[in-house]
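Below you'll find the structure, written out as structure tokens, and then a few comments.
The numbers here are math on the coordinates, done by the rules we state, and not lab data. A quick note: this is a predicted structure, and the numbers were derived from the prediction, not measured. Note: ideal-geometry Cβ built from the backbone for every residue, glycine included; neighbour counts use all protein chains shown.
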DNA sequence: ATTGTTGTCCATCATTGGGTGGAGACTGGG
DNA sequence: CCCAGTCTCCACCCAATGATGGACAACAAT
């Protein structure tokens, strides 16, 4: 071998649905000394299959995936392989997903705008058993920590609000009285630290509690 | 040469701020017969410089860029080189940007989730002087066509609404009476085909009239 | 100049929305 | 068992919102 004395390479699985991005990651990683891409997956189900097949040291995973979300994939894999290490890689997304991913056991969270050096450094850091959260993400996490969890009902109402429903419509939809809707709104306004439904809607979108995509297709 | 009788390759400039994605595009394109990446740029200003330097046949460009937006880049380049051909490549973004990009002279609009084949096919199509708009995009464009343009003042008000301001606050901010704010709201509600401010806010975000990012940082 | 159009502005009125207090159901610990 | 805590539900009150109608100025077109 030309390489004098290297350790075993870090075996990486890349999970990402965007072809271009996946290609980019693989191309970047495969020229790096000590890192080896052992598998690729374009959706959640495939990700789990590939993981079982290759048992990689590190799984680089996007949160927005077809079939299963990244968070679900992390949860399921950790169920059977608790020592699995994940680096979440996403364009932007809401705070909610970041939070969930870290709770599910992701060790690092990177934005797609990062430099190659950051990516490599993070892979090595996580492989060494440590975590890495960029300052920008940490800041948003901190904000989130202060806020309380929404109850299921409050979540239902918030979802309707984001979809532009009036209190009366929400009441009909959820089969409760309009007064009750107002109560839920009142308490979720408090939890989201906002003062009216419009702010609640934008806050929900910012945090990823509801996604912009879900607005296009009316729900069945 | 090993290749028997090829035409001159299509010379492509890649403009994209996400390192990973840019790498992916370059890696993908450079293995394609008849396509040659002649330059890369990570922001709007660099894009214009690289364009002048290389005069590519096709410019593959993201809309969300530092320094100058993709739309601005397209406009400026077409000012001096009207025959320049652009393929807009973006993750998702709002309808507004799609519309503006096409108006500015982009010939095609692709989502980053596309297959390699689609990308290559589109490059060839555009290089041959034709356009290519995927059905999903075309649909959204069609929706947009029916809607009227907002007046500057209406736009101001809408922006404030998305930022969660009350009518009174908007009135103070814009130095007009609250009644006037209501008038503007009323007419912009009509133009956006919605019935209240919350729907207006989400519609504005969907269409990219206002972006989620701009919500985080309070404007100066 | 005059007509038409469009954008900005304002006032009044009915409706909606948010604030407050409080009742019954259900949970987990002591 | 009983208590504290939480979730869900509802009614009443007043402020904010949206609908309507109309005044005024700027501008284009003939």
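Classify the stretch B:152-216 as rounded, prolate or oblate, taking a ≥ b ≥ c as the square roots of the eigenvalues of its Cα gyration tensor: rounded when a/c is under 1.5, otherwise prolate if a/b is larger than b/c and oblate if not. Verdict is oblate for the stretch B:152-216. Report, to the nearest 10°, how far helix B:178-192 tilts away from the longest principal axis of the Cα atoms in chain B, using its own Cα long axis and a range of 0 to 90°. Taking the Cα atoms of chain B, the angle to B:178-192 is about 40 degrees.
Over all projection directions, the Cα-based convex hull of the stretch A:85-220 averages an area of 9.3 nm².
Inter-copy label distances at residue A:147, shortest first and taken from points set 7 Å along Cα to Cβ: 2.5 nm. For the residues of A:105-115, the average number of beta carbons from a partner chain within 10 Å of their own beta carbon is 2. Rounded, prolate or oblate: which one fits the protein assembly as shown, using the alpha carbon gyration tensor with axes a ≥ b ≥ c (rounded when a/c is under 1.5, else prolate when a/b beats b/c, else oblate)? The shape class here is oblate.
Counting, for every residue in A:12-20, the Cβ atoms of other protein chains within 10 Å of its Cβ and taking the mean gives 5.
Classify the stretch A:10-144: rounded, prolate or oblate, from the alpha-carbon gyration tensor (a ≥ b ≥ c, eigenvalue square roots; a/c under 1.5 rounded; otherwise prolate if a/b is larger than b/c)? Rounded, since a/c falls under 1.5. In nanometres and ascending order, the distances from the residue A:190 label point to those of the other copies are 4.1 (point 7 Å from Cα along Cα→Cβ).
Per-residue packing, averaged as other Cβ atoms within 10 Å, sorts the ranges B:132-140, A:69-77, B:50-58, A:37-45 into the order A:69-77, A:37-45, B:50-58, B:132-140, beginning with the highest. I'd like the mean, over residues of A:191-202, of how many other protein chain beta carbons sit within 10 Å of each residue's own Cβ. If you average over the peptide's residues, the count of other-chain Cβ atoms is 5.
Each other copy places its own label point for residue A:92 at 0.9 nm from this one, sorted shortest first, where the point lies 7 Å along the Cα-to-beta carbon line.
Of all chain B residues, the one whose Cβ lies closest to the rotation axis that maps B onto A, given with that distance rounded to whole Å, is B:24, 1. Going by alpha carbons, how many degrees (0 to 90, nearest 10) lie between the helix axis of A:116-127 and the longest principal axis of chain A? Once rounded, the angle reads 90 degrees. Axis angle, to the nearest 10 degrees, between helix A:44-54 and the longest C-alpha principal axis of chain A: 30 degrees.
Ranking of B:180, B:59 by neighbouring Cβ atoms within 10 Å, starting from the fewest: B:180, B:59. If the viscosity is 0.692 mPa s and the temperature 37 °C, what Stokes-Einstein diffusion coefficient in µm²/s follows for the stretch A:57-105 when Rh is the Kirkwood radius over Cα pairs? Using the Kirkwood radius from Cα pairs, D works out to 304 µm²/s.
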